[in-house]
Amino acid sequence: MQYKFFPHTQEEITEMLNCIGMKSLEDLYAEVPKSIRFGRNYNLPEAKSEIEIRQLFENLGQKNRQLTIFAGNGVYDHYTPSIVPNLVERSEFLTSYTPYQAEISQGTLHYIFEYQSMMAELTGMEISNASMYDGSTATAEAALMAAASAKKANTVLVSETVDKKILNVIKTYASFHGVSIELIVEKRGVTLREALNARLIEGGVAGVIVQQPNRFGIIEDYTGYADICHEQKALFIMNSNPADLALLKTPGEWGADIAVGEGQSLGIPMAFGGPYVGYMCCTEKMMRKMPGRIVGKTVDKNGQRVFVLTLQAREQHIRREKATSNICSNESLMALFVTIYMSVMGKQGLKDAAQASYDGAHYLCNELVKTGRFTLAYEQPFFNEFCVKFNGNVDALQNKFLENGILGGVKVAEDTIMFAVTEKRTKTEIDRLVELSNI
């Protein structure tokens, strides 16, 4: 069979098949059961003109509904200054590749260096790498870092207050690396410190992973957690929403060894689930265990400032058995996105956005409770996200929201909704959601 989308001639295909002892392209898939093969022609249209292509995507785009977002659960509808996409979409950024040749990649290396500097300051840590795939995989890599750093321990403890999506990725990574994952129970929405302490004393623990704010939106008090971890030779790992760190106590201040999380809240649009960017920061002591790469600053023979790839611990650069990880992408373009965002917003801008999110969430929570139809699920401090129990049909309520152009929270239990508020939500929008909730 000839495939019009393959750039090879029939003679070239035959030559390659002969080289591997096959008679046809179909022979390559002999081991794949016919029941799961795609047995019909692809629904690919004929060639179209530019104006036809533009119209096609215009029509597809019109199928999307633009909703007012009051949902979070790991992805948030934050404001993106218009300058950010305009700069990121410049061709020198949009098409640039991995900066292997430092002499001709100074621009890329420079912005990665700035990203590292900003993330280290935001998290209160000493070192940042040049970004990761996303927050979930960054957290899983941190678990592997802990296991690799321990001499006689291969168990990583994860609080039940960590997002279940993140937990599932951690478990997947761990299952292929011989790392055991155990959960530390929560009580009233926060990690049960007594349970953590008891398990640490049993021994064999390489690291402990917590989240701030946690999966219920609660701000947990991690005072002393780093100390009890370090007493038992375990690393303290904290997953945090970076936008919230403009106001909250940083992982560095909590004494964390590794800080990880999802950088989407730093101005990256929700965009139907990606692309996003994971961050990873750590203490200087942990630097050589960190996956990915680190950009450093030095001087050339003329004494001028230049940037280089200082540490590259992936298998493409060193022998596979010595690699800390096989992570192959650092999401550099999205790292540039959040770098420009943080530069434009500045320290005060980040604080103002975080404060507006906090204030809006607390206003919404108070107004919902006033209706008499909602009660706060956990009597704990929260940031811009909170869980409330609804004394009615949650599905019917959320359908009513949708009918009125609102994505009204995330259903986390049969009677519980988790609402999120960002600086984009106005008082009018919040009041409208409350009004619909009380009809």
* Going toward the positive end of the dipole of segment 56-158, with +1 on Lys and Arg Cβ and -1 on Asp and Glu Cβ, which of Leu67, Ile127, Gly107 do you reach last? -> Leu67
* Structure fact -> Scattering profile of the chain from the Debye formula, Cα beads only, expressed as log10 I(q)/I(0) at q = 0.13 Å⁻¹, is -1.21
* First select every other residue whose beta carbon is under 15 angstrom from the beta carbon of Leu60; then total the charges, Lys and Arg +1, Asp and Glu -1. => +2
* Along the positive direction of the dipole of the chain (beta-carbon charges: Lys, Arg +1; Asp, Glu -1; about the Cα centre), which of Asn302, Ile51, Met238 reaches farthest? -> Met238
* Rounded accessible area per residue of segment 248-290, 1.4 Å, Å² -> 38 Å²
* Percent antiparallel among DSSP beta bridges (both partners in the chain, rounded to 5) -> 60 percent
* Taking the Cβ of Thr14 as the centre, find all other residues whose Cβ is under 14 Å away and add up their charges (Lys, Arg: +1; Asp, Glu: -1). => -4
* Size of electric dipole in segment 82-341: Cβ of Lys, Arg +1 and of Asp, Glu -1, about Cα centre, debye, nearest 20 -> 660 debye
* Taking K and R as +1 and D and E as -1, what net charge do the other residues with C-beta under 11 Å from the C-beta of Gln355 add up to? -> -3
* Rounded to 5, the percent of DSSP beta bridges in segment 195-323 classed as antiparallel -> 55 percent
* Quick one: of the DSSP bridges fully inside segment 82-341, what percent are antiparallel, nearest 5? -> 45 percent
* Asked: Using only the Cα atoms, what convex hull volume per residue in Å³ does segment 87-129 have?
  -> 78 Å³
* Asked: With helices defined as uninterrupted DSSP H runs, which ones in the chain have an alpha carbon span along their own long axis of at least 20 Å and mean Kyte-Doolittle hydropathy of at least 0.0?
  -> 135-149, 332-370
* Asked: Relative contact order (percent) for segment 82-341, with alpha-carbon contacts under 8 angstrom and 6 or more residues of separation?
  -> 26 percent
* Structure fact -> In whole angstrom, largest first, the equivalent ellipsoid semi-axes that the Cα gyration tensor gives for segment 82-341 are 31, 21, 16
* What is the packing order of peptides 34-47, 71-84, taking the mean over residues of other C-beta atoms within 10 Å and listing the highest first? -> 71-84, 34-47
* To do: For segment 148-237, count all C-alpha to C-alpha pairs, find those more than 18 Å apart, and express that count as a whole percent of the total.
  => 39 percent
* Could you state the accessible area per residue of segment 31-127 in Å², with a 1.4 Å probe and every protein chain left in place? => 73 Å²
* Structure fact -> In Å², rounded to a whole number, the accessible area per residue of segment 352-436 with probe 1.4 Å is 44 Å²
* Asked: Under unit Cβ charges (Lys, Arg +1; Asp, Glu -1), what dipole magnitude, rounded to 20 debye, does the chain have relative to its Cα centre?
  -> 440 debye
* **Of all accessible heavy-atom area on segment 82-341, the percent that carbon and sulfur account for (1.4 Å)** => 52 percent
* Structure fact -> Contact order relative to length for the chain, counting C-alpha pairs under 8 Å separated by 6 or more residues, stands in percent at 20 percent
* Asked: Quick one: which of Lys23/Lys48; Lys249/Lys424; Lys63/Lys347 span more than 32 angstrom between C-alpha atoms?
  -> Lys23/Lys48; Lys63/Lys347
* **Residue-averaged [θ]222 nm for the chain, counting only DSSP H segments that reach four residues, each worth -39500 (n - 2.57)** => -11000 deg cm²/dmol
* Structure fact -> Along the dipole axis of the chain (charges at Cβ: +1 for Lys and Arg, -1 for Asp and Glu; origin at the Cα centre), the most positive-end residue among Val394, Tyr276, Ile340 is Tyr276
* Ser96-Thr9 FRET efficiency (beta carbon distance; Förster radius 35 Å; 0.05 resolution) -> 0.55
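The values are calculated or read from the model by the stated rules, or taken from the named source; none is laboratory data. Treat the numbers as computed from the prediction; the structure is a model and nothing was measured. Glycine gets a Cβ as well: all are built from the backbone with ideal geometry, and neighbour counts include every protein chain shown. These area figures cover heavy atoms from the full protein model, side chains too; ligands, DNA and RNA do not enter into them. Shrake-Rupley method; radii C 1.70, N 1.55, O 1.52, S 1.80 Å.
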